[in-house]
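Values quoted throughout were computed directly from the atomic coordinates according to the rules given, and no laboratory measurement underlies them. Given the structure is predicted, the values throughout are model-derived calculations rather than measurements. Neighbour counts run over all protein chains shown; Cβ positions are idealised from the backbone, glycine included.
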Amino acid sequence: MNKRKIINDPVFGFITLPSEFIYDLLQHPYVHRLTRIKQLGLTSYVYPGTQHTRFQHSLGALHLMTEAVTTLRKKGNEITDAEADAVYAAILLHDIGHGPFSHTLEHFFFDDISHEEIGIAIIKQMNIEFGGRLDTTIEILQDTYHKHFLHELVSGQLDMDRLDYLRRDSFFSGVSEGNIGSARIIKMLNIKDGKLVVEAKGIYSIENFLMTRRLMYWQVYYHKTVFASDTMVYQTLKRARYVERNGGELLATPSLKYFLKEPAEKLTPEALDKFMNIDDSDVWVALKNWCDSSDKVLAMLSDGIVNRHLFKLEISNTPFNKEDVKAKKEALCNAYGISKSDAEYLVVENIVSNHIYNGGETAIDILYSNGTTKSIAEASDMFDVSVLERKITKYYLSYYKIEN
């Protein structure tokens with residue numbers, strides 16, 4: 001069988017699978033599951049074109065990784081064929097631990113366990129099936145492999161994950177300001193003292209990358225309607241769990257039903273198996289059924305998502321006045337005849353913090369022709385990078401809108 005397949009991608013054109021091993025990984029049901037998980041959750045409620053999936057993103061990141069490996073090898077950096085396959089597998093599988101709607105339901109299924117931790121547990125299971133061929137991949141993902149730069153290519157300031165999702169999300173959202181010169185950045189990559197660096201000719205591409213990342217986060221990823229939609233989905237699943245725990249019998253697929261009882265506290269084989277059976281479709285089927293639920297709050301929330309009657313959202317630079325929040329809850333109690341505890345599902349306060357650039361040990365270093373390096377903060381003469389390092393915190397108040 002010919003396993004050197006070519007895939008047509010709308011962002012990068014033709015993508016060639018680099019090895020038979022990567023082809024075999026692509027055939028795995030866990031990887032194929034990513035075709036049923038939207039990359040940006042409910043962002044399509046704001047940007048209708050964002051229908052792309054985690055699978056598409058993983059393929060794009062894989063393509064960029066093959067380009068990065070080729071570039072680094074041409075510059076005299078040793079990457080063996082086995083290491084190349086390992087880092088290709090790492091970037092292909094880096095999102096394998098995502099649940100439905102991607103980040104939206106991150107901590108609903110497992111109690112305070114990130115999708116990265118879930119991903120490692122899943123890859124370890126896959127490694128048994130593949131006879132240990134993912135050993136080095138796991139080391140790279142956990143940053144225990146002796147060539148640290150391979151981890152940086154997967155998870156760092158200039159990793160192939162970011163270079164793909166910024167370009168891809170810009171393409172599908174139509175936010176053209178978010179486009180980045182990923183090809184230029186990759187051509188400028190090199191290794192200095194075991195660390196990934198950018199040659200000085202690429203400094204302007206890095207400046208553009210940092211500003212683009214800032215724009216995409218606040219204009220797309222943290223857009224107020226996107227955030228309100230995500231919050232509403234989470235509250236709906238949270239209410240469904242409350243109904244189930246209190247004797248209600250909700251229609252849901254068996255795997256989703258498993259997590260409606262309570263979040264899993266550990267990454268047990270049973271919990272992981274149930275989790276890997278869930279994708280966006282499980283949640284959508286449940287939401288459509290719950291629109292007719294006898295539980296009033298669950299029905300209100302489900303109908304709001306399915307028919308786009310979304311939470312209203314207010315943003316502030318300071319915490320919201322507690323009396324104002326209380327008044328919103330009381331108004332909902334009076335308008336819909338619900339209890340104060342029910343209203344807690346319909347009014348939600350969140351704190352959103354983000355810094356676009358994280359310096360220190362993970363700083364982006366610029367390599368000059370004389371062999372010296374400077375951090376981008378020192379090297380840039382265009383803007384003050386410290387502004388991007390500063391953590392920005394905003395307060396979001398999402399609440400059910402009372403219909404007149």
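Is segment 163-208 best put as rounded, prolate or oblate by its Cα gyration tensor, with a ≥ b ≥ c the root eigenvalues, rounded for a/c under 1.5, and otherwise prolate when a/b is larger than b/c, oblate when not? Mind showing how you got there, number by number?
Numbers: a/c = 3.63, a/b = 2.28, b/c = 1.59.
Prolate shape, in that a/c is at least 1.5 and a/b is the bigger ratio.
Determine the sum of side-chain charges near S369: Lys and Arg each +1, Asp and Glu each -1, restricted to other residues whose C-beta is under 14 angstrom from that of S369.
Net charge around S369: +3.
Comparing I278, I376, I351, which has the greatest mean-square fluctuation in the GNM of the chain with Cα pairs linked when under 10 Å apart?
Between I278, I376, I351, it is I351 that shows the largest mean-square fluctuation.
Would you please state the base-10 log of I(q)/I(0) at q = 0.13 1/Å for segment 211-363, with intensities from the Debye formula using one equal scatterer on every alpha carbon?
Once normalised to I(0) and log-transformed, intensities are -0.76.
Using only the alpha-carbon atoms of segment 229-313, report the extent along each of the three principal axes, biggest first, to the nearest angstrom.
38, 26, 21
Per DSSP helix of 4 or more residues, -39500 (n - 2.57); summed, then divided by the residues of the chain. What does that give at 222 nm, rounded to the nearest 500? Intermediate results must be reported in sequence, preceding the final value.
Values: 19 runs with 195 residues, N = 404.
After summing the helix terms and dividing by the residues of the chain, the value is -14500 deg cm²/dmol.
Please report, in Å, the Rg and the Dmax of segment 53-108, where both are computed over Cα atoms only.
14.1, 46
Which value in Å does the Kirkwood hydrodynamic radius of the chain take, with 1/r averaged over all unlike C-alpha pairs and then inverted?
On the way: mean 1/r = 0.0438 Å⁻¹.
Here the Kirkwood hydrodynamic radius works out to 22.8 Å.
Give me the angle, in degrees from 0 to 90, between the Cα long axis of helix 54-74 and the longest principal axis of the Cα atoms of the chain, rounded to the nearest 10.
On a 0 to 90 degree scale, this one is about 20.
Using a 10 Å Cβ count of at most 16 others and DSSP loop calls, identify the longest part of the chain lacking such trypsin sites (Lys or Arg not before Pro).
76-265
In whole Å, what three semi-axes, largest first, describe the equivalent ellipsoid of segment 92-246 built from its Cα gyration tensor (square root of 5 times each eigenvalue)?
Over the Cα atoms of segment 92-246, the semi-axes work out to 31, 25, 11 Å.
Which values, in whole Å and largest first, are the semi-axes of the equivalent ellipsoid of segment 1-152 obtained as the square root of 5 times each eigenvalue of the Cα gyration tensor? Write down the numbers at each step before the final one.
Numbers: eigenvalues 127, 78, 45 Å².
For segment 1-152, the ellipsoid semi-axes come out as 25, 20, 15 Å.
Using Cα-Cα distances under 8 Å and only pairs 6 or more residues apart, what relative contact order does the chain have, in percent? Don't skip to the end; give the middle numbers.
Working: 600 pairs, mean separation 62.7, N = 404.
Once normalised by length, the contact order is 16 percent.
Residues with amide H under 5 Å of I392's amide H, sequence separation 5 or more or different chain, H placed in the peptide plane at 1.01 Å from N; which?
Sorted by chain and number, the residues that satisfy this are N354, H355.
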